[in-house]
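Quick notes on the structure that follows.
The values are calculated or read from the model by the stated rules, or taken from the named source; none is laboratory data. No experiment lies behind these values; they were computed from the predicted model shown. Here the Cβ positions follow ideal geometry from the backbone for every residue, glycine too, while neighbour counts run over all protein chains shown.
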Amino acid sequence: MRIVELIIDEEAEMYGIDAISLVDRPAIELDFIALKEARVQFAEADADKRILIGPALVPDKPIYRKNGEDEFYVYFSKSTVRRAAELYLKHGNQANHTLEHEHTINGLTVVESWMVEDKQKDKSAVYGLDVPVGTWMVAVKVDNEAIWQEWVKEGKVKGFSIEGYFADKLKKNQDDEMLAELTRAIVKADGRTKSGKRVVMESYSDYPEAVKNNAQKGIDLNEKNGNKCATQTGKVRAQQLAQGEPVSLETVKRMASYLSRAEEYYDESDMNACGTISYLLWGGKAGLRWAESKIKEELWSAIKKELDSPED
């Protein structure tokens with residue numbers, strides 16, 4: 001059975017951890033993380049202060065996943081766990097919490113966050129939590145009376161679970177190599193490297209009206225929702241596409257990479273969801289079709305030029 005390493009792709013439109021959920025059965029799912037199987041439980045650090053302590057993410061732990069007939073394991077390296085913790089705080093997501101990955105809940109805040117460096121000396125050992133070095137630990141203050149009384153005290157939730165966006169390391173490496181091969185083929189076909197001149201990559205503005213319309217629709221929806229969705233890169237890309245401006249070959253590749261991964265978060269029935277809005281900002285399904293066809297077109301064009309050119 002294959003093992004997939006999940007990483008943070010900071011060039012993607014959505015990446016890192018958005019929220020921490022209280023769940024009964026923690027485990028890790030692919031891309032959108034939901035800890036639903038592992039039996040790691042949090043500790044009630046202080047009943048009066050209503051603070052819970054527990055692992056948010058454990059490194060190098062194979063987690064079984066099944067997607068239809070496809071069965072595999074996923075895991076996170078120590079460096080990915082550390083970066084995920086850093087980005088969670090950097091993006092100010094400490095107050096973002098859900099219940100069983102279904103309901104947004106208020107009144108919970110991460111008040112402490114740390115990495116386990118020494119199992120024996122770490123605070124987690126004080127509360128009887130046996131977690132490996134490199135684990136991301138959090139302490140959550142629960143000011144929501146209903147959540148504390150009806151879920152925590154009744155034992156209906158037993159652990160923390162992260163929600164976020166990660167990339168398949170192997171697939172991302174393959175995507176990057178595909179762009180590199182295409183770039184090398186075009187450069188070689190042009191022969192511009194022989195003179196030592198700077199290589200200027202071609203740009204493209206022949207995407208269909210549907211791409212422009214999707215980008216503009218995403219812009220309008222995002223404005224309606226207070227511009228809370230998407231990164232600055234995604235917002236800039238949408239303006240570029242909506243106005244019909246040319247995009248570079250690398251941008252075309254990024255469009256194909258992001259749109260192929262994020263298609264599962266696009267929901268036509270929920271046009272206010274950030275996953276839907278972000279997908280539209282990058283051109284939507286029409287953008288994916290165009291980007292994939294453009295990459296194939298340019299690759300074959302470069303190969304033909306190379307085959308037709310005389311030997312040095």
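List of remarks:
- The single condition among (1) more than 20 Å from the chain's Cα centre (by Cα); (2) surrounded by 15 or more Cβ atoms within 10 Å (Cβ to Cβ); (3) not charged (D, E, K, R) that residue 133 does not satisfy is (2).
- Taken over the range 8-32, the criterion of being hydrophobic (A, V, I, L, M, F, W, C), at pLDDT 80 or above and closer than 11 Å to residue 165 by Cβ is satisfied by 8, 17.
- Filtered residues of the range 114-146 (kept if of a type in the set (S, T, N, Q) and over 12 Å from residue 54 (Cβ atoms)): 120, 144
- When each of 210, 215 is tested for being aliphatic (A, V, I, L, M), at pLDDT 90 or above, over 24 Å from the mean Cα position of the chain (by Cα) and farther than 21 Å from residue 163 by Cα, the lone residue that passes is 210.
- Candidates 49, 36 - the one that is modelled with pLDDT of 75 or more, out of contact with any Leu (no Cβ under 8 Å at 6 or more places or on another chain) and part of a loop (DSSP other than H, G, I, E, B): 49
- Some residue of the range 75-91 being among the aliphatic types (A, V, I, L, M), touching a residue at least 60 places away in the same chain (Cβ under 8 Å), in contact with a strand residue (DSSP E or B) (Cβ under 8 Å, 6 or more places away or on another chain) and farther than 25 Å from residue 230 by Cβ: no
- Criterion: acidic (Asp, Glu) and touching a helix residue (DSSP H, G or I) at 6+ places or on another chain (Cβ under 6 Å) - qualifying residue of 268, 245, 292: 292
- Screening the candidates 89, 57 for the property of being within 16 Å of the chain's Cα centre (by Cα), at negative phi and surrounded by fewer than 20 Cβ atoms within 10 Å (Cβ to Cβ) yields one hit, 89.
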